[in-house]
Each structure stands twice: as C-alpha cells, then as structure tokens.
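One structure is given below, encoded as structure tokens.
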Amino acid sequence: MRSAEETFIDPPHHHNLDDISQFVPRPASLGISGGTEVQNYIDEIYISASIIFASLQRLKNLYREMVEALSTKSGLILDSHNGIDIEVRTFNARMRFNAERRYFDEEAAPDWRCKAYLLESGLKTPCLIGDLKELGLLGIVDTWWAVLKTTTKTWFDESRELNVMDESFA
C-alpha cells in the first residue's frame, strides 16, 4: 500500500511514443539506418519529447481535477463531515498537480533541453552533416527537427499557462 505522500509526490511516468506521432513522425520513418550517431540523438530526443507530452497531458488532467475540487469546495455549504472530505480532495488534487508540475519542470524539461542541445551540436559537426548528406537525409532531418522544436515549444507554452493559472489557487 502506498502512503498518502507517495500518492501525489510520485507521478506516473508512463508515455507512449505513438502519442506524439500525430505531431511529429517517428524517427524510424525518416529512413536513417540504425546505430548511427545521429540516429541515437534523434531516438533520444523523440523519447524525451514523448515524456514531455505525457507529462503535459497529466498536468492538464490534474489541473481540471484541481479546478473541479476547488469549484465543489467553493460552491457548497457543507456539514462538517462533508467539508473535511472536500478539503482532503482539494488538498490531494493540488498536491498531485504540484508534484507533476515539479516533475515537468525539474526532470522532463531539463532532460529534453539537454538532449536538444546535444542534437543541435551534433547537427553542426561536419562529420554528421557529411553522413546525412551522403544518405540524402540532411533536409529531412533538418525539417523533422524544426517541426519537433516548434511542437515542443507549444507544449512548454501550454505548461506555463497552467502554471500561471495555478497561482490563483494559492
């Protein structure tokens, strides 16, 4: 059995690579042969983007849960027993949201940024550029990377909007 603290401090970190394929194609579809340095960078950044997306989806759901709990709390006149239940529900909703917020900000986002830096650096090296040109993939990878950066920036912006809204509940 999990402790009450673990209920909201340890958010689930599940993600599915197929969930972001609607925004950015999977790296395998780019036609890069496995085992190359650039393939490793691309695979890692794609996994990291999938984790960002999954965490954002959890943040959105937890935000809705928190708003619902707070709406229930402010909209009802309750006897003391029901009032305690609503307080606990509100507290738990807020703590789960804050735990996911910390995960997004302190683990998922820095991991993505680190991998993005490595990919950007790699894409500037003559060796990788030469390999991609030789395979006829330089333009494909550049376009794919631009789409992934734009998409991920949108997710970061959506996340910040939830953070700003959360301050009104403090």
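Results for (1) more than 30 Å from THR150 (Cβ to Cβ); (2) modelled with pLDDT under 95, shown as yes or no for each residue.
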{"site": "ILE45", "(1), (2)": "no, yes"}
{"site": "HIS81", "(1), (2)": "yes, yes"}
{"site": "PHE91", "(1), (2)": "yes, yes"}
{"site": "MET95", "(1), (2)": "yes, yes"}
{"site": "ARG102", "(1), (2)": "no, yes"}
{"site": "ARG113", "(1), (2)": "no, no"}
Margin query: For segment 34-66, give me each residue that is of a type in the set (A, V, I, L, M) and either buried (at least 22 other Cβ atoms within 10 Å of the Cβ) or in contact (Cβ under 8 Å) with a residue 60 or more places away in the chain (or both).
Written below: VAL38, ILE42, ILE45, ALA49, ILE51, ILE52, LEU56, LEU59, LEU62, MET66
Margin query: Is it the case, given these coordinates, that LEU30 is at pLDDT 90 or above and farther than 16 Å from TRP112 by Cα?
Written below: no
Check: Right, ALA109: modelled with pLDDT under 80 and either under 30 Å from LYS153 (Cβ atoms) or assigned to a helix (DSSP H, G or I) (or both) or not?
Finding: no
Next item on the list: Please tell me if GLY122 is buried (at least 16 other Cβ atoms within 10 Å of the Cβ) and under 13 Å from GLU37 (Cβ atoms).
Entry: yes
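The values are calculated or read from the model by the stated rules, or taken from the named source; none is laboratory data. These numbers come from a predicted model, not from an experiment. Methodologically, a virtual Cβ is constructed for each residue, glycine included, from the backbone with ideal geometry; neighbour enumeration extends over all protein chains shown.
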